[in-house]
Amino acid sequence: MTETTFTPRVFSGIQPSGGLTLGNYLGAIKRFVTMQDEVAQSIYCMVDLHAITVWQDPKDLLHNTRELAAGFIASGISPEKSILINQSQVPEHAQLGWIFNCVARMGWMQRMTQFKDKAGKNAQNVSLGLFGYPALMAADILVYHATHVPVGEDQKQHLELTRDIAAKFNHDYGVDFFPMTEPVIEGAATRVMSLRDGSKKMSKSDPSDASRINMTDDVDVISKKIRKAKTDPDGLPSDIDGLEGRPEARNLVNIFAALSERSVEDVLSEVGGQQFGTFKPLLADLAVAKLSPISGEMARLMDDPAEIDRILARGASQAREITAPILKKTYEIVGMVGPAV
Ligand code: ATP
Ligand code: MG
């Protein structure tokens, strides 16, 4: 079979499962912004169907979805250059998700470390959706035939599964229909760690608010959280080797490097030898300087939720021009008539 060449297309999503964090910004959104200028088409999504894999208060979900859209726009994603959508407004995601539930194998899903982390000791009591989540994520991407997916490091395994699902579908039906998507995991902070525990990822759903910096935190809160961030008693090293075995120190240096768009080496050559008492206020000032214009713009956009809803409605209709034909063709390949129009 000849290899199909797929037009470069970017897709990525974030869950409205809380407020945006510095981890989401550095690991994902910053790349979303640059990539919208690098390819002809980019689609960025608020994945509310993923958020409800764990309980969400309905009022919070709606608020968080709009606030996430505001966060995207305030960070520099332009609704003119990119298609901005809310997942549940584009039903083809869930429809292809079902087909992929029938392609993915139990053994593949059982290896997913995110499920193990999130389910913890409670695996019998979490939703079936939490277990099936990566198959829906594969559908989110492949329903656009997306070729590139900017994400944080924690999503690497789900993107490998996406390729496995695409390959199995193509193989089982003897087609070359779904592309092999490339993850784009780049930058100094592809895995921002919790401020309270350097072995845990910073997450918007972490019960401890002190573990993360939220995009909407004000100057005082950001300064306080960084001042209280866990560190060790030593000062900062002047080269990367000196960060070995010091996850909390490494995390703060990575954040500094990513926010200032410098390499870790470059940052250490300047701050090496400093105590955390000196470094932390510098980091707090930098975080405030980068985040406060974005949170200010988010607040302004949130004053007019109807405008956000209009942007998302327009995005959904643009998205469906791509997803409806891909879903229709998928049904045809599988031997189904497909949705009546
Ligand atoms: P939740 O706790 O609900 O899973 P989350 O903070 O992990 O929320 P997601 O919506 O799951 O956020 O992920 C959105 C994007 O942000 C993904 O690309 C993910 O890889 C990236 N991301 C999430 N947390 C981090 C982090 N700590 N460092 C870097 N990237 C991150
Ligand atoms: Mg997550």
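Can you pull the percent of the chain's accessible area that's carbon plus sulfur, 1.4 Å probe, other chains left in place?
Whole-percent figure for carbon plus sulfur exposure: 52.
For W98, what charge total do you get from the other residues with a beta carbon under 14 Å from its beta carbon, if Lys and Arg give +1 and Asp and Glu give -1?
-2
Show that you can apply the helix-only estimate: for the chain, add -39,500 (n - 2.57) for every DSSP H stretch of four or more residues, divide by all residues, and state [θ] at 222 nm to the nearest 500.
That comes out to -16000 deg cm²/dmol.
Roughly how many debye, to the nearest 20, is the charge dipole of region 1-155 about its Cα centre, given +1 on each Lys and Arg Cβ, -1 on each Asp and Glu Cβ, and no other charges?
Numbers: 11 positive and 13 negative charges, 74 e Å.
The calculated dipole for region 1-155 is roughly 360 debye.
Can you list the aspartates and glutamates whose alpha carbon is less than 20 Å from that of K224, not counting same-chain residues fewer than 8 positions off?
D197, D206, D209, D232, E248, D285
With 29 Å as the limit, write out which pairs from K59/K204; K59/K328; K81/K290 have Cα-Cα distances beyond it, or answer none. Don't skip to the end; give the middle numbers.
Working: K59/K204 17 Å; K59/K328 34 Å; K81/K290 23 Å.
Long pairs (Cα-Cα over 29 Å): K59/K328.
Once you place label points 7 Å from the Cα toward the Cβ at R111 and D172, how far apart are they in nm?
A separation of 1.7 nm, rounded to one decimal place.
Put +1 on the Cβ of every Lys and Arg and -1 on every Asp and Glu Cβ in region 274-341; which of S317, V288, L327 then has its Cα farthest towards the positive end of the dipole?
Working it through, the farthest residue towards the positive pole turns out to be L327.
Checking the a/c ratio against 1.5 first, then a/b against b/c, what shape does the Cα gyration tensor give for region 53-101? Could you put the intermediate results ahead of the total?
Values: a/c = 3.00, a/b = 1.27, b/c = 2.37.
The shape class here is oblate.
Which value, in debye to the nearest 20, gives the size of the charge dipole of the chain about its Cα centre, when Lys and Arg are +1 and Asp and Glu are -1 at the Cβ?
Computed about the Cα centre, the dipole is about 760 debye.
Shape of region 267-331 from its Cα gyration tensor (a ≥ b ≥ c, root eigenvalues): rounded if a/c is under 1.5, otherwise prolate when a/b > b/c, or oblate?
oblate
Residue separation times 0.36 nm, minus the C-alpha to C-alpha distance between V126 and S205: what's the value? Please list the in-between numbers first.
Numbers: separation 79, 0.36 × 79 = 28.44 nm, distance 1.51 nm.
Result for the pair: 26.9 nm of gain on full extension.
What's the angle, to the nearest 10 degrees (0 to 90), between helix 58-75's Cα axis and the longest principal axis of the chain?
Once rounded, one gets 70 degrees.
Counting heavy atoms of the protein chains only and a 1.4 Å probe, report the per residue accessible area for the chain as a whole number of Å². Working shown, then result.
Numbers: 15880 Å² over 341 residues.
Heavy-atom SASA per residue in the chain reads 47 Å².
Say the dipole of the chain comes from +1 at the beta carbon of Lys and Arg and -1 at that of Asp and Glu; which of A166, P8, A123 then lies farthest toward its positive end?
A123
Among A69, W98, Q114, pick out the residue whose Cα is farthest towards the positive end of the charge dipole of region 1-126, where Lys and Arg carry +1 and Asp and Glu carry -1 on C-beta, about the Cα centre.
Result: Q114, furthest along the dipole toward the positive end.
In straight Cα distance, which aspartates and glutamates are under 16 Å from K156, not counting same-chain residues fewer than 8 positions off?
Within the straight-line cut-off, K156 pairs with D117, D140, D164, E182, E186.
The values are calculated or read from the model by the stated rules, or taken from the named source; none is laboratory data. Because the structure is predicted, anything quoted here is derived from the model rather than measured. Note: ideal-geometry Cβ built from the backbone for every residue, glycine included; neighbour counts use all protein chains shown. Protein only, heavy atoms only, side chains kept; ligands, DNA and RNA dropped before computing areas. Shrake-Rupley method; radii C 1.70, N 1.55, O 1.52, S 1.80 Å.
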